[in-house]
Amino acid sequence: MLSKLLQTSSSKPKQLKKIHALVLTSGLSIKNSLLTQLLENLILVGDMYYARKVFDEMHKPRVFLWNTLFKGYVKNKLPYESVVLYKKMRDLDVRPDEFTYPFAVKAISQLGVCPCGFAFHAHVVKHGFETLGIVATELVMMYMKFGELRSAQYLFESMKGKDLVAWNAFIAVCVQTGNSAVALECYNKMCVQFDSFTVVSMLSACGQLGSLEIGKEIYDRARREDIDCNVIVENARLDMFLKCGSTEDARVLFEGMEQRNVVSWSTLIVGYAMNGDSDEALVLFNMMQNEGIRPNYVTFLGVLSACSHAGLVDEGKRYFSIMARSSDKNLEPRKEHYACMVDLLGRSGLLEEAYGFIKKMPMEPDAGIWGALLGACAVHRDVKMGQKVADVLMETAPDIGAYQVLLSNIYAAAGKWDCVDRVRSKMRKLGTKKVAAYSSVEFEGKIHFFNRGDKSHPQTKAIYEKLEEILKKIRNMGYVPQTGSVFHDVETEEKECSLSHHSEKLAIAFGLINGRGEDPIRVMKNLRTCEDCHVFAKFVSRVTSRDIIMRDKNRFHHFRNGVCSCREFW
């Protein structure tokens, strides 16, 4: 009878507690099988506090039940409780089995404490489960999430008999952690037949890397090998086209898709916004609604980004207001939407309004939101506001060097070199490192990377000769190096020399040497491009009649005949 009651009340937390109370007060003998059913139902509804209470009442619970509780803690993202449970398990000499460690390792990943991960790995080895596929896969994913790429790669490569699940998991976590080049290497080494999950991850990797040709090859291979290219795969392909700056390919694909969902529409809207075609992004948003597709929070993120990239302040406020007034909980503005609004106001020069907007937020602003305002302060060279925002960021995100570099650049642009020295001195004391800038360009299925002043490439001599040739031509056309982009207190000539060897310029020179004249040069930059490289690219596109597509940290710049798609609003 009680078993039937549990089945009918499986999704009702209050009913489950009443049944438990009935059992306790009835004087009936409580069987572990009944408590097991109750425990599983409580975990299903997410009441982990009460589930633990029921678990503690059990007499010598089997390892299966310990695993059930581990699974519940992981599912409900309660990693600390998982660690405490594991300690109790060891104290009571309950031997873990092959199903214990996958959940326990996931919990350590969620906890995010690397030393705990190393210690836990030692426990896995001690009990002889390291070679078990599912456990080894979880350990690899844990190390990837900790940023321990070498440990993850070593463990993955030492795994024997890797199945498709292991390959897919490793590739997926590489992409999720921004190690797409490693994912590509892994894909090329795969010794099992891949599937649609592999294709989705690899198209995402190609999108991150800006590898249009490799992405096309992977998709073509999937079609040849009769892989199920469902709407999820097609959406990933759509995203890849847009992240590579190929809006034409993306639009052809979108128009030809047999099945389109809200993800398809949202991906296209976000992509057009990112590529600087804000007008088309907003047109698509209206088309989407006319076709009866309900927008979600990602759709509105694209719409607000479109407004931000084009400086459409009133439109951005109107769309944000629609979200804020909506009765749909899924459309309630999230931190990403607030960051977009701060970026919109800040880039439009409304720094005080942006600051007031942050102070009125119904949630605690995170570093990303304050960082958006600091970025706007750098654009408008507002030292006073920049200092105020940087002080907040030093409290909330002292370990993120990018914000301190931004403040240093704001001071440098204003000629406050003593303040620049003070910020950089503080960075050295804290051990904060500046992220090294690099650019990449794809050619014949290979990605070529360049750092500032790089001389490691096999074509170095030809690259620098081409760069000098182009610089000479564009100087004759009126190009003047934007020395304000150099944030060091050095002479003008030294600044010009420093600017001429930026990674974007080397990548563009490489693209001019290689590739067909009718193909655009696609350059991917990991940081925001500087003002001088932006001007340089405009002149090069004009003098060479080559389209240049440059993606930086914030957006795309499409250069054609000396004009950029950003319309100088970036």
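The values are calculated or read from the model by the stated rules, or taken from the named source; none is laboratory data. For clarity, every value in this text was computed on a predicted model and none was experimentally measured. Methodologically, a virtual Cβ is constructed for each residue, glycine included, from the backbone with ideal geometry; neighbour enumeration extends over all protein chains shown. These area figures cover heavy atoms from the full protein model, side chains too; ligands, DNA and RNA do not enter into them. Shrake-Rupley method; radii C 1.70, N 1.55, O 1.52, S 1.80 Å.
See the values below:
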| quantity | calculated |
| --- | --- |
| Criterion violated by ASP56 - all others in (1) modelled with pLDDT under 75; (2) out of contact with any helix residue (DSSP H, G or I) (no Cβ under 9 Å at 6 or more places or on another chain) satisfied | (1) |
| Some residue of the range 76-84 being open to solvent by 20 Å² or more (accessible area, probe 1.4 Å), basic (Lys, Arg) and at negative phi | no |
| Among residues of the range 21-41, those that are open to solvent by less than 60 Å² (accessible area, probe 1.4 Å) and modelled with pLDDT of 75 or more, counted | 1 |
| The range 542-552 - residue that is surrounded by fewer than 23 Cβ atoms within 10 Å (Cβ to Cβ) and closer than 25 Å to MET240 by Cβ and, of those, nearest to the chain's Cα centre (by Cα) | ASP552 |
| Meets criteria (of a type in the set (Ser, Thr, Tyr), over 25 Å from the mean Cα position of the chain (by Cα), closer than 30 Å to ALA414 by Cβ and assigned to a helix (DSSP H, G or I)) for TYR338 | no |
| Any hit, the range 364-372, residues being on the phi > 0 side of the Ramachandran plot, more than 19 Å from the chain's Cα centre (by Cα) and either exposed (fewer than 15 other Cβ atoms within 10 Å of the Cβ) or of a type outside the set (Lys, Arg) (or both) | no |
| Meets criteria (open to solvent by less than 40 Å² (accessible area, probe 1.4 Å) and at positive phi) for GLY292 | no |
| Sole exception among (1) open to solvent by less than 50 Å² (accessible area, probe 1.4 Å); (2) over 19 Å from the mean Cα position of the chain (by Cα) for ASP279, by number | (1) |
| 2 or more residues of a type in the set (Phe, Trp, Tyr) and under 22 Å from ALA310 (Cβ atoms): qualifying strands (runs of 3 or more DSSP E) within the range 506-561 | 556-560 |
| The range 219-246 residues that are free of Cβ contacts under 8 Å to residues at least 24 places away in the same chain, paired with ones that are open to solvent by 10 Å² or more (accessible area, probe 1.4 Å) (beta carbon under 6 Å, 6 or more apart) | TYR219/ARG237 |
| Subset of the range 140-155 [in contact (Cβ under 8 Å) with a residue 24 or more places away in the chain, in contact with a helix residue (DSSP H, G or I) (Cβ under 6 Å, 6 or more places away or on another chain) and not β-branched (Val, Ile, Thr)] | MET141, MET142, TYR143, MET144, LYS145, PHE146 |
| Scope the range 72-103; condition in contact with a Phe, Trp or Tyr (Cβ under 6 Å, 6 or more places away or on another chain) and closer than 15 Å to TYR143 by Cβ; matching residues | TYR101 |
| One residue from ALA172, ALA107 being touching a Ser or Thr at 6+ places or on another chain (Cβ under 8 Å), within 30 Å of LEU242 (Cβ to Cβ), in a helix (DSSP H, G or I) and open to solvent by less than 40 Å² (accessible area, probe 1.4 Å) | ALA172 |
| Residue within the range 216-227 that is at pLDDT 95 or above and either within 20 Å of ASP552 (Cα to Cα) or not in a helix (DSSP H, G or I) (or both) present | no |
| Test: residue in the range 259-274 that is in contact with a Gly (Cβ under 7 Å, 6 or more places away or on another chain), closer than 18 Å to ARG555 by Cα and among the β-branched types (Val, Ile, Thr) | yes |
| Condition met for LYS466 (among the charged types (D, E, K, R), at pLDDT 85 or above, surrounded by 14 or more Cβ atoms within 10 Å (Cβ to Cβ) and closer than 27 Å to CYS244 by Cβ) | yes |
| Cβ-Cβ under 8 Å pairs, at least 6 apart or on other chains, the range 512-523 side closer than 16 Å to LYS538 by Cα, far side loosely packed, with under 13 Cβ neighbours inside 10 Å | none |
| Selection status of GLY316, open to solvent by less than 70 Å² (accessible area, probe 1.4 Å), farther than 23 Å from PHE556 by Cβ and either modelled with pLDDT of 95 or more or out of contact with any Phe, Trp or Tyr (no Cβ under 7 Å at 6 or more places or on another chain) (or both) | no |
| Residue that is most open to solvent (accessible area, probe 1.4 Å) [pool: residues in the range 437-462 that are of a type in the set (S, T, N, Q) and without any contact (Cβ under 8 Å) to a residue 12 or more places away in the chain] | SER456 |
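Per-residue answers, yes or no, for (1) of a type in the set (Ser, Thr, Tyr); (2) surrounded by fewer than 13 Cβ atoms within 10 Å (Cβ to Cβ):
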{"residue": "TYR411", "(1), (2)": "yes, no"}
{"residue": "CYS419", "(1), (2)": "no, no"}
{"residue": "VAL423", "(1), (2)": "no, no"}
{"residue": "LEU430", "(1), (2)": "no, no"}
{"residue": "LYS433", "(1), (2)": "no, yes"}
{"residue": "LYS473", "(1), (2)": "no, no"}
{"residue": "ASN476", "(1), (2)": "no, yes"}
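Quick grid of which residues meet (1) hydroxyl-bearing (Ser, Thr, Tyr); (2) touching a helix residue (DSSP H, G or I) at 6+ places or on another chain (Cβ under 7 Å); (3) surrounded by fewer than 20 Cβ atoms within 10 Å (Cβ to Cβ):
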{"residue": "GLU185", "(1), (2), (3)": "no, no, yes"}
{"residue": "VAL199", "(1), (2), (3)": "no, yes, no"}
{"residue": "MET202", "(1), (2), (3)": "no, yes, no"}
{"residue": "GLU217", "(1), (2), (3)": "no, no, yes"}
{"residue": "ILE232", "(1), (2), (3)": "no, yes, yes"}
